[in-house]
Amino acid sequence: MASHAVCIVVVTYHPDDAIEKRLASALVQAGSMVVVDNHSAPEAIERLRVFASQPGVVFIENPENRGLAAGLNQGVAWAGMHGYSWCLLLDQDSTPASNIVTTQLLPFLTPSNERPLAVVGSSFAAPSLVPTPMPPDATVTWRELPAVITSGSLISLDAYREIGPFREEFFVDAADIDYCLRARAKGYRVLETHPPLILHRVGSIRRQRFLWRYAWVTHHPPWRRYLMLRNCTALIRSYGRSEPAWARAMTRYMVSFTLRIILFEDQKAKKLWYELRGLLDGLSGNFQRTMP
């Protein structure tokens, strides 16, 4: 298996104390990793420097928070300049399965007469829901989707050069969706692996009850709600006709999260105001700010 051609890219921003353990569990699978830090606290940076002192790890320190999309582009650019064929993208709080690299490579290495492949993403499980990601002997299936999340995604660098980099004005949210939709617009496929290959934390997720039903609520801060509404609104405007099923699903998703703010979350007025600003900026194409 060509795991030696894979470079892992992780963007960090004020990581927790278990970051080294998660990075190490990924590094043993590929042997090469780029960690891009977006101006974390000095203590965290020092710990990352120590981790990066081992063979196979490159550490890039940004003097400011450039955002997830820019950090991904920095890591992927380094991998491209050093001859790698694929990049496995992981969030700093994701725990990968022990076979994520070899599993995600399989569709790329399997001969196919279908359209070329740009991304193989992973479904995920929240740490509060299950204790571990997919066991090594689980049966793996893949399905084609309009978009997959960043963490757990293996991207082809040949495709990346044609599709273009992650949109840095998106900062954090929906940069992965935008990349996948652009890939599909250029004739590439996007696949998702099942069962999950990562444990992935989504906001400060909590299970809450309303009448006789339960809902999972993310409790994202107001500025994240702004980015989500702005970026997803802009994408619906751009891809509503070419990806109508995705656009309808995303619209329902945004409405459901707004309802959960109203029903369950604190800072309701502030979050709803930020969402309104995000909606208006998304409709007008204003990407001049990362938060109101």
Margin query: Students sometimes get this wrong: rank I149, I100 by accessible area, probe 1.4 Å, all chains present, largest first.
Written below: I149, I100
Next item on the list: Specify which labelled value, from (1) 6, 27, 37, 24, 6, 0; (2) 5, 21, 26, 21, 13, 9, 4, 1, 0; (3) 6, 27, 34, 22, 9, 2, 0, agrees with P(r) over Cα pairs in 10 Å bins from 0, in percent derived from the coordinates of the model shown.
Entry: (1)
Item checked: Probe 1.4 Å - accessible area at E64, Å² to nearest ten -> 110
Next item on the list: Could you please state how large a percent of the accessible area of the chain is carbon and sulfur, counting protein chains only and using a 1.4 Å probe?
Entry: 57
Next item on the list: Give, rounded to the nearest 20 debye, the magnitude of the charge dipole that the chain has about its Cα centre when Lys and Arg contribute +1 at Cβ and Asp and Glu contribute -1 at Cβ.
Entry: 1180
Next item on the list: Please find the FRET efficiency linking R248 to V140, where r is the Cβ-Cβ separation and R0 is fixed at 41 Å, and quote it to the nearest 0.05.
Entry: 0.90
Item checked: Sequence of L106, L191 when ordered by accessible area, the most exposed leading, probe 1.4 angstrom -> L106, L191
Item checked: Mean separation of Cα contacts under 8 Å (6+ apart) over length of region 30-172, as relative contact order % -> 32
Item checked: Accessible solvent surface per residue of the chain, calculated while the other protein chains remain in place, 1.4 angstrom probe, Å² -> 47
Item checked: Exposure of K186 as accessible area (Å², to 10), given a probe of 1.4 Å and all protein chains -> 100
Item checked: Cα long-axis angle, helix 222-239 against the chain (0 to 90 degrees, to the nearest 10) -> 80
Note to self: How long are the semi-axes of the equivalent ellipsoid of region 17-77, defined as square roots of 5 times the Cα gyration tensor eigenvalues? Whole Å, largest first.
What the structure shows: 18, 15, 10
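The values are calculated or read from the model by the stated rules, or taken from the named source; none is laboratory data. This one's a predicted model, so the numbers in the text were calculated from it and none came from an experiment. Please note: Cβ atoms are built from the backbone with ideal geometry, for glycine as well, and neighbour counts cover all protein chains shown. We work out accessible area using only protein heavy atoms, side chains counted, and drop any ligands, DNA or RNA first. Shrake-Rupley method; radii C 1.70, N 1.55, O 1.52, S 1.80 Å.
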